[in-house]
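To start, the structure under review is shown below, and the notes come after it.
We did not get these values from a lab; they are worked out from the coordinates using the rules stated. Bear in mind that the values here come from a model prediction, so they are computed numbers and not experimental data. Methodologically, a virtual Cβ is constructed for each residue, glycine included, from the backbone with ideal geometry; neighbour enumeration extends over all protein chains shown.
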Amino acid sequence: MKEILPHWRFGPNSPVMDVDEKRMTRGDRAVAEACRRVMEGETWKELVILESLGVRFTELVGRFVSEVASPVLEAMPGDAFHQGAAAQLTHMVKTRDGGETIRIIKTLAVKGRF
């Protein structure tokens, strides 16, 4: 799997490097798999469309954020490595921030943690 290098994260021509999935913990792999499953669903596609249209912080976006974040939060282990990601995702659900949720889940889909 390829990881976009952090200092180029949001650029269209971002350089990538290989991520060794064998070195990931069981929890990291579970989180990454949950994120990938979420990204294949219709709710994810709707959230991305709304974000591209500039619709943010509405009740509709909040419902999509909640539906996208809940399977990822369920798969996330309670260890110290995943506390920050879990706290950020929980905060995104409360604030209905679709754009930041998309970025967090894309990062977690590659590495399983921050």
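Averaging the Cα positions of each part gives two centres, and for the stretch 24-40 and the stretch 59-114 these lie 12 Å apart.
Each label point was placed 7 Å from the Cα along the Cα-to-Cβ direction; for Arg63 and Glu21 their separation is 3.4 nm.
Taking Lys and Arg as +1 and Asp and Glu as -1, the other residues whose beta-carbon sits under 15 Å from that of Gly62 total -2.
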